[in-house]
């Protein structure tokens, strides 16, 4: 199967899975309206899905390091959709928590193995990995539209219809898995992973991802309210700010992978974080509608490193690619979510502007950490290209060629 087709299918499947990362939060207003859940109860539902998913991902990563489990992709996709689909049935709060937790486990099981397979299918291409990550961004952003279209039509009793993306996503996985099985039967195998684990660099990278997560989660939580304050606008001003933040993320993911095909990943990520420092400062201090370009620049700056950090983590821990993917995509991201209540408490005690000001330091810390990181040689046989120029076509022999 041609490499590009495999990546397109994996990206589409990734979008179908990450719909369920955004779906739980999108269901909260409907839970509050139909079941009279308190805000605390509603936030508990989101926490049950996101925290369990983030913490479980490294465990699934360690499991996939011991053995390849490609069938986990369609199974986990269905599990993620089934949990969300069942969460709208019945009125029991414990059952609702259980169902969204099941969805979180499905999402957690999907990402480490899918990232490993996508890396093999891409033959180490940063551009291909960027498109794989882009699929997840699209799915996350589409979740509110999908949930509103379904649940606003017929209420929570229509929630079983939300399983449809999971069914579609599981079907997208099948041709890629058949290609893997065919390759294994032919005896050509996957590329041999070489290299020594660099745990020190992986730790620094993980800390940089934590700082990035603090900045992005903090802004995504409060940017709508802050934009309304700074522009003097209403709900539309806040919604526009959140839309720009998400849209810029999708653009940044693709841009980052393209830049990394011309320059090394560490340099691209380092410069991106440096630009983000100024962009976040613009959000905090620039008044009026001029805040929107800074929101877009911040989003792009925070998402340029997104897929590059995953491949860097895999290259720093070549013998434990699943663990590296699970920690980078899951555990470090959840820590950013834990900081949001601190920002909210500070905003209650002072002002939202004061509470958001420390977020300027987050990309600055990421930049400092990346200043000491080396560019690893990729375990897929392709040395990083460090100067502008045409990207060489992949050589023959790939299991996805």
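Residue under question is residue 335, and the condition is that it be at pLDDT below 80, in the same structural domain as residue 286 (by TED's automatic domain parsing), touching a helix residue (DSSP H, G or I) at 6+ places or on another chain (Cβ under 8 Å) and surrounded by fewer than 19 Cβ atoms within 10 Å (Cβ to Cβ); does it hold? So residue 335 fits the description; yes.
Of all the residues that make up the stretch 101-112, how many are surrounded by fewer than 24 Cβ atoms within 10 Å (Cβ to Cβ) and touching a residue at least 40 places away in the same chain (Cβ under 8 Å)? Let's see the steps before the verdict.
First pass over the stretch 101-112, keeping only residues surrounded by fewer than 24 Cβ atoms within 10 Å (Cβ to Cβ): 101-102, 105.
Those still in the list that are touching a residue at least 40 places away in the same chain (Cβ under 8 Å) too: 101, 105.
Here the count works out to 2.
One line per residue, one yes/no per condition, for (1) more than 27 Å from residue 120 (Cα to Cα); (2) in the same structural domain as residue 367 (by TED's automatic domain parsing); (3) over 18 Å from the mean Cα position of the chain (by Cα):
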| position | (1), (2), (3) |
| --- | --- |
| 256 | no, yes, no |
| 270 | no, yes, yes |
| 279 | yes, yes, yes |
| 315 | no, yes, yes |
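Against the test of being in contact with a helix residue (DSSP H, G or I) (Cβ under 7 Å, 6 or more places away or on another chain), closer than 18 Å to residue 125 by Cβ and part of a helix (DSSP H, G or I), the options 307, 299 yield a single qualifying residue, 307. When the stretch 29-49 is filtered for residues that are buried (at least 20 other Cβ atoms within 10 Å of the Cβ) and within 19 Å of the chain's Cα centre (by Cα), the ones remaining, listed by number, are 48, 49. Mind checking whether some residue in the stretch 119-141 is surrounded by fewer than 24 Cβ atoms within 10 Å (Cβ to Cβ) and either farther than 28 Å from residue 258 by Cβ or outside the structural domain of residue 33 (by TED's automatic domain parsing) (or both)? No. The numbered conditions (1) within 20 Å of residue 313 (Cβ to Cβ); (2) free of Cβ contacts under 8 Å to residues at least 12 places away in the same chain are all true for residue 33 except (1). For the stretch 187-198, a tally of residues being modelled with pLDDT of 55 or more and surrounded by fewer than 12 Cβ atoms within 10 Å (Cβ to Cβ) returns 1.
Among what's in the stretch 258-268 and is outside any loop (DSSP other than H, G, I, E, B) and surrounded by fewer than 18 Cβ atoms within 10 Å (Cβ to Cβ), pick the residue that is farthest from the chain's Cα centre (by Cα). Within the stretch 258-268, the match that is farthest from the chain's Cα centre (by Cα) is 267. Inspect the stretch 75-91 for any residue being under 22 Å from residue 321 (Cα atoms), modelled with pLDDT of 80 or more and surrounded by fewer than 21 Cβ atoms within 10 Å (Cβ to Cβ) and give the result as yes or no. There is at least one residue in the stretch 75-91 that is under 22 Å from residue 321 (Cα atoms), modelled with pLDDT of 80 or more and surrounded by fewer than 21 Cβ atoms within 10 Å (Cβ to Cβ). Might you let me know whether the stretch 371-382 holds any residue that is modelled with pLDDT of 90 or more and in a helix (DSSP H, G or I)? There is at least one residue in the stretch 371-382 that is modelled with pLDDT of 90 or more and in a helix (DSSP H, G or I). For the stretch 243-254, what are the residues that are surrounded by fewer than 18 Cβ atoms within 10 Å (Cβ to Cβ), farther than 16 Å from residue 11 by Cβ and free of Cβ contacts under 8 Å to residues at least 60 places away in the same chain? Listed by number, the list holds a single entry, 243.
The values are calculated or read from the model by the stated rules, or taken from the named source; none is laboratory data. On a predicted model such as this, the values are computed, not experimentally measured, just so you know. Cβ atoms come from the backbone with ideal geometry, glycine included; neighbour counts cover every protein chain shown.
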